[in-house]
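Here the structure is laid out as structure tokens; the discussion comes afterwards.
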Amino acid sequence: MSRWLKNLNKEQCEAVQTLEGPLLVLAGAGSGKTRVITHRIAHMMEHSIPGKNILGMTFTNKAAGEMRERLLAMVGREARSVTLSTFHSLGLHILRTEAKRKKRPQPFTIFETGDQLGVLRDITRQRQLDRGYDMGAILARISAWKNDFVEPGNTPHSNDPYDEAAAELYPRYVELMRSYRAVDFDDLICEPARMLERDKACRERWAGLFAHVLVDEYQDTNPAQFRLLTAIAGAHRNLCVVGDDDQSIYGWRGADVRNILRFEQDFPGAKVIYLMTNYRSVGSVLDAANCVIAENADRHPKRLEPARGQGIRVRLAISSDGDHEAAWVAQTIREMYDHGRRKFSDMAILYRSNILAKDLETELRTNRVPYRVLGGTSYYDRKEVKDLVAYLKLAANPRDELSLRRVINNPPRGIGPKTVEQLSEWAEGNSKSLYQALDHAEEIIGAGERRARAVTGFKELIDRTAGGLRRKGNLNAATGKLVQELNLQEEFRKSSESDKVLERRWGFVTDFQDGVDRFCQQSDKPTLREYLGRLALLDMDTPKEAEDSGSEVTLCTLHSSKGLEFPVVFLIGLEEGLLPHDRTLNPQATDAVIGDIAEERRLCYVGMTRAMDELVLTRCKTRVVRGRLQDRAPSRFLEAVPEDSLDVDDLTLQASDDQVTSMMDDLRSKLGW
């Protein structure tokens with residue numbers, strides 16, 4: 001027997017050993033899906049399938065990295081021959097490889113969300129359109145059309161004002177992106193898919209290279225990702241997808257749960273294996289979660305079974321209002337820690353909406369409970385870092401007008417909006433790029449003008465930086481020289497209100513330089529193009545995880561909790577309007593994708609199955625919503641759980657003068673403290 005089959009259950013073994021043809025592995029929460037994927041790859045390599053012919057796909061760089069680390073520990077250096085990639089990394093690799101093969105290298109910039117919004121704002125300014133629209137909602141519609149391969153000019157008719165605005169901006173958005181030689185994250189999937197579909201030789205080349213394809217979290221794929229996969233694996237059909245339709249919670253960003261529901265129709269003859277033994281949660285948690293998810297009609301019928309025993313019953317705490325709920329949760333966590341039952345890092349508070357976090361943070365501070373909030377500002381979203389990245393982007397691609405506009409007067413060098421507008425008008429009138437206009441500063445602005453000299457000096461700086469970056473192995477040195485020429489430390493000293501702020505801002509810059517150095521040391525190709533590609537792809541990791549110090553309670557939304565687990569979970573706000581969310585029950589004009597109750601139910605299920613040992617649910621009888629105290633109805637998902645399977649604490653029945661203290665006395669008595 002293969003050594004990679006040891007310590008696997010019967011269903012896991014079957015999934016690992018099925019090496020040919022389409023395979024759907026329905027892996028319930030906590031059922032060991034990552035273990036199955038890595039063992040399957042190791043088993044394939046043991047059976048003479050070369051690592052270079054294996055493609056493993058996932059959604060975040062973190063997940064791909066963890067998978068690679070596991071595989072390295074299992075098979076050693078041979079693991080490096082396997083391609084373990086995100087969809088966007090693969091798309092970028094295909095685009096660059098094909099351009100190089102055709103000897104038509106086409107350098108391009110990857111625009112992240114902020115850049116895309118900047119393009120849309122530029123269009124509205126140029127066309128003097130109504131600026132009152134939420135540009136994020138416009139961009140979401142354009143993204144949805146792109147991933148459905150709807151071309152500009154062919155968008156469906158709609159009377160929705162946001163649909164109409166997006167349809168008007170879409171063609172110009174595509175034109176500007178091409179003129180900037182830029183691609184967005186949607187392009188990294190859609191363009192390779194189109195290329196493979198229309199070019200048979202190209203399709204056969206990639207299908208031959210990746211003769212075996214594995215996909216993790218298949219329930220999260222969108223239409224474009226599906227087409228990319230089928231273009232590669234459609235002929236040889238050696239496609240193994242692992243996922244769980246009950247954990248499909250990203251419909252709002254384009255994921256289509258139908259991809260996993262109709263896998264057997266898309267790939268006739270597919271084998272289906274259910275992994276339903278849960279190694280994470282106790283039986284009481286799974287019983288409650290199974291009751292909730294069973295209410296969804298359109299799903300693969302399945303039920304999680306515990307490997308760990310029944311455990312303690314799920315608790316439901318009913319509070320009078322949101323303040324009472326937050327105070328009870330904070331005091332309960334403090335009590336559990338003070339009595340040595342749990343470490344702070346064992347516990348998490350999950351919620352559907354960030355609106356609940358404010359009161360929680362206040363009460364946690366009051367009770368001296370340390371905490372971290374997942375989903376804070378990313379390091380790469382810091383202004384100081386984004387400015388440096390923009391300089392590098394501009395040096396790599398002079399047509400990147402957004403980066404040019406960002407840094408042309410940053411740090412201040414006397415080039416104001418009026419000067420930029422003069423340069424833009426000249427560029428447009430002479431069919432030139434804005435960067436090309438910089439060479440004509442004296443002609444446009446006036447010979448000898450201080451503004452013209454500033455423009456010329458800026459252009460020379462970018463040219464010097466670009467020249468330094470073109471020299472092989474010079475990325476870190478050229479970046480250091482750029483920081484030195486910009487005199488950033490002195491600029492920060494002038495504009496920072498305190499030494500502490502100066503130290504923090506300069507720290508972002510030095511951390512950035514350290515990151516460039518690490519990249520140069522670790523990469524086989526430490527070029528600017530590769531570095532910018534890596535930075536851009538980091539923006540796709542969702543959620544942006546915080547480092548775990550090991551001594552804090554975790555606060556996060558249900559979406560951010562996916563993939564995490566905690567011994568104790570408090571799932572709060574189980575009320576109609578919060579879970580399911582009011583945006584699902586009453587969609588707004590800005591919503592590009594309307595959610596549905598089924599996905600909200602899956603979100604509740606995901607939250608419940610994060611709990612390993614203890615699950616505590618809470619709801620309120622009243623809550624302040626938009627400044628008014630409102631009566632709250634229990635969530636329909638909560639009502640799916642049989643009441644006799646819950647330990648219910650109705651805190652509103654406690655003495656009104658000191659509700660929380662009385663409740664805590666009752667809790668101590670129950671637990672024998």
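The values are calculated or read from the model by the stated rules, or taken from the named source; none is laboratory data. Keep in mind that what you see is a predicted model, and the values were worked out from it rather than measured. Using ideal geometry, Cβ is built from the backbone for each residue, glycine included, and neighbour counts are taken over all protein chains shown. Surface accessibility is based on the protein's heavy atoms, side chains included, excluding ligands, DNA and RNA. Shrake-Rupley method; radii C 1.70, N 1.55, O 1.52, S 1.80 Å.
Please name whichever of Phe267, Gly468, His88 sits farthest to the positive end of the charge dipole of the chain, dipole taken about the Cα centre and charges placed at Cβ: Lys and Arg +1, Asp and Glu -1.
Gly468
In region 111-210, what chymotrypsin sites (Phe, Trp or Tyr not before Pro) fall in a loop by DSSP, with at most 10 other Cβ atoms inside 10 Å? It would help to have the intermediate numbers written out before the result.
Working: sites: Phe111, Tyr133, Trp145, Phe149, Tyr162, Tyr173, Tyr180, Phe185, Trp206, Phe210; in loops: Tyr133, Phe149, Tyr180, Phe185, Phe210.
Answer in residue order: no site qualifies.
Once you keep just the Cα pairs under 8 angstrom separated by 6 or more residues, what percentage relative contact order results for region 359-432?
After rounding, I find 15 percent.
To the nearest 0.05, how large is the calculated FRET efficiency for Lys343 and Arg101 if R₀ is 41 Å and r is the Cβ-Cβ distance?
Efficiency computed from Cβ-Cβ geometry: 0.15.
If ligands, DNA and RNA are left out, what is the accessible area of His47 with a 1.4 Å probe, given in Å² to the nearest 10?
Accessible area, nearest 10 Å²: 100 Å².
I need the GluC sites (Glu not before Pro) found in region 485-531, filtered to DSSP loop residues with at most 16 other beta carbons within 10 Å of theirs.
Passing sites in region 485-531 are Glu497.
As an exercise, use a Förster radius of 51 Å and the Cβ-Cβ distance of Val648 and His157 to find the FRET efficiency, rounded to the nearest 0.05.
Given R0 = 51 Å and the Cβ-Cβ separation, E is 0.50.
Mind putting a number on the dipole of region 445-521 about its Cα centre? Charges go on the C-beta only, +1 for Lys and Arg and -1 for Asp and Glu, and I need it in Debye to the nearest 20.
320 debye
At R0 = 30 Å, how high is the FRET efficiency between Glu175 and Glu491 if r is their beta carbon distance? Nearest 0.05 is fine. Don't skip to the end; give the middle numbers.
Numbers: r = 36 Å, r/R0 = 1.19.
The calculated FRET efficiency here is 0.25.
Take the solvent-accessible surface of the protein heavy atoms, probe 1.4 Å, and return the percent of it on the chain that carbon and sulfur atoms account for. Could you put the intermediate results ahead of the total?
Values: 14050 of 30270 Å².
After summing per-atom areas, the C and S share lands at 46 percent.
If I model a spin label at Asp517 and His300 as a point 7 Å from the Cα along the Cα→Cβ vector, what separation in nanometres do I get?
4.9 nm
Give, to the nearest whole percent, the P(r) tail of the chain beyond 34 angstrom, counting all Cα pairs.
Counting pairs separated by more than 34 Å, the tail of P(r) holds 53 percent.
Give me the number: length gained by fully extending Gln17 to Arg262, i.e. 0.36 nm times residue separation minus the C-alpha to C-alpha distance, one decimal in nm.
Working it through step by step, the gained length comes to 85.9 nm.
Between Val150 and Arg628, 0.36 nm times their residue separation minus their Cα-Cα distance comes to what?
Separation in residues times 0.36 nm, less the Cα-Cα distance, equals 167.8 nm.
Within region 453-541, count lysine pairs with alpha carbon atoms under 27 angstrom apart where the residues are 8 or more positions apart or belong to different chains.
Going through region 453-541 pair by pair, I get 8.
About its Cα centre, what dipole magnitude does the chain give when the only charges are +1 on Lys and Arg Cβ and -1 on Asp and Glu Cβ, stated in debye to the nearest 20? Mind dumping the intermediate values first?
Details: 97 positive and 101 negative charges, 588 e Å.
I would put it at about 2820 debye.
With a 1.4 Å probe and every protein chain left in place, work out the accessible area per residue of the chain in Å², rounded to a whole number.
Per-residue accessible area for the chain comes out at 45 Å².
With n ≥ 4 as the cut-off for DSSP H runs, can you work out [θ] at 222 nm for the chain, using -39500 (n - 2.57) per run divided by the number of residues, rounded to the nearest 500?
-15000 deg cm²/dmol
Using a 7 Å offset from the Cα along the Cα-to-Cβ direction at both Ser2 and Arg368, what is the distance between the two label points in nm, to one decimal?
So the two model labels end up 5.5 nm from each other.
Pulled fully out, how much extra length does the chain show between Met276 and Gln126, if you take 0.36 nm times their separation in residues and subtract their Cα-Cα distance?
Stretched fully, the Met276-Gln126 segment lengthens by 48.4 nm.
Consider a paramagnetic label point 7 Å from the Cα of Ala640 along Cα→Cβ; state which residues of region 267-304 have an amide N under 13 Å from it.
287-304
Residues in region 442-464 near a label at Asn430, defined as backbone nitrogen under 19 Å from the 7 Å Cα→Cβ point?
Under 19 Å, as judged by backbone N against the label point of Asn430, lie 442-463 of region 442-464.
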